[in-house]
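Some notes on the structure that comes next.
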Amino acid sequence: MRRSTIIAGLVLAPLLAAAAVPGLLTSVSPITIDPPSALLPPGAGHWFGTDQLGRDLFTRVVHGARPSLLLGLGATVLAVAAGALIGVVAAFGGRAADQATMRLLDVLLSLPQLLLALLVITVLGGGLVNVVLAIALAFTPGYARMVRAEALVVRRSGYVEAAHGLGLRPVVLVTRHVLPNAVGPVLVLATVGFGTALIAGSGLSFLGFGVRPPDPEWGSMLAEGRDFLADAWWIGLFPGAAITVTVIAVNVVGRAAQRRYTRRTS
């Protein structure tokens, strides 16, 4: 295992701990304000400093890990699941279904993913759940095309043709033989796609569509810090650094999984 992969895993471990049990890292409330302590720079009392309302930034970054990671993970899981369903239907639904599905996917792929997510939010409204759904819908077409391509390759393989010749029902054939082999490579790529989904979720929260204040979330915290860059740079620095470090670490782990999968299949 490469050193970079080990370092990325060590970076992700405390982030996952913060998302799962933030109380392990801090016992301070992330939403309790303390005006006399407003805009204190990083120091022994407040490792990341305090924001404009006197709230401890380290605590808010720790508690902001859960909604931030949920945005990326929830959107990725939903996008992969929906993409797998659409891709298999396109590959096994006949020529008409394949053509109709692919033309729809082409239309969706012609739109920037963030713009498509904004269109969905315009209809559904803001909030954590709606942002997850919006990002998932924006990322589904890409996964659907990958699953379709893999499913077409698997469909022509010898063991699938043999299973079909033995009289297996289409549902059993797809669930037992096609999906496990077609979705495998997509799951590896989804590890890398998680970082992109996290950036998209943080971007939407930055625009005010995600978690509602005063609850902490890295994107919304970054938005709060933009008004204090000259006098309190730490307000925007640490949540922005959390996003950057998480995305880089996830991408390193995803690339390692992709290389390992490539070696196994080759």
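The values are calculated or read from the model by the stated rules, or taken from the named source; none is laboratory data. As the structure is a prediction and not an experimental result, all values here were calculated from the model. For neighbour counting, all protein chains shown are included, and Cβ atoms are generated from backbone atoms with ideal geometry for every residue, glycine included. With ligands, DNA and RNA removed, areas are computed over all heavy atoms of the protein, side chains included. Shrake-Rupley method; radii C 1.70, N 1.55, O 1.52, S 1.80 Å.
Here are the numbers for the structure shown:
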quantity: Residue count for the stretch 40-62, restricted to those that are assigned to a helix (DSSP H, G or I) and either open to solvent by 50 Å² or more (accessible area, probe 1.4 Å) or of a type in the set (Phe, Trp, Tyr) (or both); calculated: 1
quantity: Qualifying residue in the stretch 136-151 (condition: without any contact (Cβ under 8 Å) to a residue 24 or more places away in the chain, part of a helix (DSSP H, G or I) and among the charged types (D, E, K, R)); calculated: no
quantity: Test: residue 237 is under 30 Å from residue 153 (Cβ atoms), in a helix (DSSP H, G or I) and touching a helix residue (DSSP H, G or I) at 6+ places or on another chain (Cβ under 8 Å); calculated: no
quantity: Candidates 27, 37, filtered to the one that is surrounded by 16 or more Cβ atoms within 10 Å (Cβ to Cβ) and of a type in the set (S, T, N, Q); calculated: 37
quantity: Whichever residue in the stretch 204-216 is surrounded by fewer than 19 Cβ atoms within 10 Å (Cβ to Cβ) and not basic (Lys, Arg) and, among such residues, is farthest from residue 32 (Cα to Cα); calculated: 207
quantity: Residue count for the stretch 2-15, restricted to those that are surrounded by fewer than 12 Cβ atoms within 10 Å (Cβ to Cβ) and in a helix (DSSP H, G or I); calculated: 3
quantity: The lone exception for residue 75 - which of (1) assigned to a helix (DSSP H, G or I); (2) open to solvent by 10 Å² or more (accessible area, probe 1.4 Å) it fails; calculated: (2)
quantity: Residue check, residue 117 surrounded by 16 or more Cβ atoms within 10 Å (Cβ to Cβ), among the small types (Gly, Ala, Ser) and within 15 Å of residue 75 (Cα to Cα); calculated: yes
quantity: Count of the stretch 217-266 residues which are in contact (Cβ under 8 Å) with a residue 12 or more places away in the chain, exposed (fewer than 15 other Cβ atoms within 10 Å of the Cβ) and closer than 20 Å to residue 43 by Cβ; calculated: 1
quantity: Test result for residue 84, open to solvent by less than 20 Å² (accessible area, probe 1.4 Å), within 22 Å of residue 219 (Cβ to Cβ), in contact with a helix residue (DSSP H, G or I) (Cβ under 8 Å, 6 or more places away or on another chain) and in a helix (DSSP H, G or I); calculated: no
quantity: Hits in the stretch 19-39 (condition: part of a helix (DSSP H, G or I) and among the hydrophobic types (A, V, I, L, M, F, W, C)); calculated: 19, 20, 24
quantity: Candidates 211, 252, 192, 188 - the one that is β-branched (Val, Ile, Thr) and not in a helix (DSSP H, G or I); calculated: 211
